[in-house]
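The values are calculated or read from the model by the stated rules, or taken from the named source; none is laboratory data. All values derive from a computational prediction rather than experimental measurement. Backbone-built Cβ (ideal geometry, glycine too); neighbour counts: all protein chains shown. Please note that ligands, DNA and RNA were not included when accessible areas were found on the heavy atoms of the full protein model with its side chains. Shrake-Rupley method; radii C 1.70, N 1.55, O 1.52, S 1.80 Å.
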Amino acid sequence: MDAKDILGLPKTPLPIAQEKKSRPHKDSQRKPDGISREVYALTGGVAPLMPSIDVSQLKRRPPSDEKITWQWLPFTSSARKDNLQLYHWVRVVNGVPPTGDYSFAKYNKSVDVIRYTDEEYAKYLTDPKWTKEETDQLFDLCERFDLRFIIIADRFPTPRTVEELKDRYYSASRAILVARAPSPGEVAGHPLVKEPYNVTHEIERKRALSMVLSQTKHQERKDAEVLAEAKRIAESRMAARAAEEPDLPVPSDIGPESAERAVGPGDTISPSNVQVHAAAAAPSTSVIADNSSTLASLRMLKVYLRTYALEQMVQAASSSAGLRTIKRVEQTLQDLGINLKPKVPTKAVCAEHLELRKEILTLLNLQKQLQYKEAEGSSFRDGSYGDMPGTAKRSQRAVDQDRTFVPDTISFGGDRGVKREQKRKGPGRASETPSSPAGAHKRPRKMKASDL
Amino acid sequence: MPHPASEAQVEDGGSASKPQRIIKLGKTTEDGDKKGTNKRVKDIELCIPIVYGTIAFYLGRKASESQSHKWTVYVRGATNEDLGAVIKHVVFQLHPSFNNPTRVVESPPFELSECGWGEFEIGISLFFHSDVCDKKLDLFHFLKLYPEDESGPQSTKKPVVMESYNEIVFPDPSECFFARVQNHPAVLVPRLPSGFTLPAPAPVENMNGKGRGDTKDHPLNHWFMNFSEADELLKLASARQQVQAHIVKLRRELSVIDGMPQPLKPASSYECT
């Protein structure tokens, strides 16, 4: 009694198998090879106009006519002077091992160190600070270690600095070269002759380099300030030179000091002719946008109040922002319960206050960006179906209506933002609905500290 | 009294006109003096925290039309230390209706008491010792006689106190000044960078001769306000935290919008018809 008999189902499973066979057949028509069906569906289920990946590239196998084996074979290298027999794995193609030198032998380069004879030493190379043995040892080590002077200095029997060793080696080689050359003109082109090693210069250079590398952040800031100030001084000098000579501002003692400070970090200004504007003139120079140049100009003053310094820094930080933004920053400060001018302006408090102001500026900028992005996004989404000029206008109106329900978090200048959007979308638009956003748009409530 | 102009030197070796030569002569005689002031201590800024303001008492029964209040204007160290080591004298500029409106106070404590009826802005000019700074520093303070809440009659016991905290910063002190005050309680010396060689400390002399210049036992000192930066720092730190959290939230929102797939972008070619 087969169950199938009772149910009346067909006995043979043929139709099902046929179904199964036909389905893969259909599937292979619908989806391309190489990627699964689900992945393909993610791209929208439509074939891209240009295939991005060549599907045939995806599973390349080596050409099947060659027979590859790997064998453990001995090899020789031209770089080795001994007869040491070494072995390694070799890719053998059709029973033929690869030919040629060991592939890394070409990297075995060495330096041609000039070796002198004893007579040559006696004639040209005697030096009060160096004995013959030392010089010989030096040249041996140079040859052995390919002029790696750090290692040579390390292994040198008597303590010598790297610069001394370099000096001895290069001057000795140079002397030999010049002595051996039939005429001076022939070796004039040789790098050893053309550019001799300058010991004092090298020592000085390395010292300066290590000083620069070991500068603390403090020093770096100071240097930046001084350089900014130097630039300002140079520019003001240009301006002063263009202007009338007798009309110079009140000079002060700052001249020699700024020169002193500037020469230290590196000779950027000529010390003698520097004229620096007196403290009274400093605030009246053009808007100092750079933070470090504000700091520099403060240091030019003999004395100042902490509150004055804070004002200058705040001004410099908000120099890129408009009046409206500055008002918004102040409003935010008040909402957060912070005085616009700190009650106890110590150095730390002023620094924190300044940082807070900068962060609020960043916050406001981000809010603006977010507004614009959202507006762009929504207009794109709505405006892409059925693109005729008439429908485009309609979709943009829809955008405005969307904007009336701006979320409260973006309250600062929210309504102003919408107005700006309006203007962007074309002159015809504005005339159509002159007052709709202003009218329909509810004034968003001011952000409170509790909102944050 | 303005500082002698001889310290200023025109440095561009231009035409040597007569006045210039006189200036140069002047400088050579004072050279010995100035040696200390010309050498500056690099990269150290000295900071003098001060408090300045007014305390005004209503005279009550003794008040008359023209003299209803007795008030005192002063500049003191923020911790009531003697400012005489730094400040040479202070000039208080009063309302022109006062006799001799320019009052000079030559020694600490730098204060001035007067009687009057009106509120006005007082100009306070600080003049420093010659090795400290040759420029004066100006402050302004509005004299307040009447309390905020005008409820009921004024008390003669409780004065109206208005004080402001500020710090005088010398970004580039001379070695002489630094040596003199590096251990002075009125001066804030910052932590010195490593490898810094201090000039030898000179003994703290009483620059102004007479008596003590600090205000620790000043008769009005119980009205002095306390200025603590800890409070402000706490408030600022919490405000910064709030703003930073908000910034992070916005950045996240922005990145979501940027990363949002534009499903019709491939079809955009249709749009440009």
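For the range A:341-383 versus the range A:157-171, the spacing of their alpha-carbon centroids is 60 Å. Ranking A:Ser379, A:Ser171 from most to least accessible surface, computed with a 1.4 Å probe over the protein chains only, gives A:Ser171, A:Ser379. Please go through the residue pairs A:Lys302/B:Lys39; A:Lys222/A:Lys327; B:Lys42/B:Lys136; B:Lys70/B:Lys136; A:Lys222/B:Lys88 and name each one whose alpha carbons sit more than 25 Å apart in this structure. Going by Cα-Cα distance, A:Lys222/A:Lys327; B:Lys70/B:Lys136; A:Lys222/B:Lys88 fall outside the 25 Å limit. Counting Cβ atoms of other protein chains within 10 Å of each Cβ in B:168-179 and taking the mean gives 3. In the context of the full protein assembly, B:Ser107 retains an accessible surface of approximately 20 Å², using a probe radius of 1.4 Å and ignoring ligands and nucleic acids. Using a probe of 1.4 Å on the protein chains alone, the accessible area found for A:Cys350 is around 10 Å².
Can you sort A:Asp167, B:Asp258 by 1.4 Å-probe accessible area, starting with the largest? Walk me through the intermediate numbers first.
Details: A:Asp167 50, B:Asp258 95 Å².
Largest accessible area first, the residues go B:Asp258, A:Asp167.
Rounded if a/c is under 1.5, else prolate if a/b is larger than b/c, else oblate: which is the range A:192-235, with a ≥ b ≥ c the root eigenvalues of its Cα gyration tensor? Oblate. Across q = 0.11, 0.14 Å⁻¹, the range A:111-172 modelled as identical point scatterers on its alpha-carbon atoms has Debye log10 I(q)/I(0) values of -0.21, -0.34, in the order of the q list.
Grouping the Cα pair distances of the range A:101-247 into 10 Å bins from zero gives a pair-distance distribution of 9, 25, 23, 15, 13, 10, 4, 1, 0 percent in increasing distance order.
Mean per-residue shielding of peptide B:247-258 is 4, counting Cβ atoms of other chains within 10 Å of each Cβ.
Note on B:Met225: accessible area is roughly 80 Å² with a 1.4 Å probe, heavy atoms of protein only. Accessible-area rank, largest first, for B:Trp117, B:Trp71: B:Trp117, B:Trp71, with all protein chains present and a 1.4 angstrom probe.
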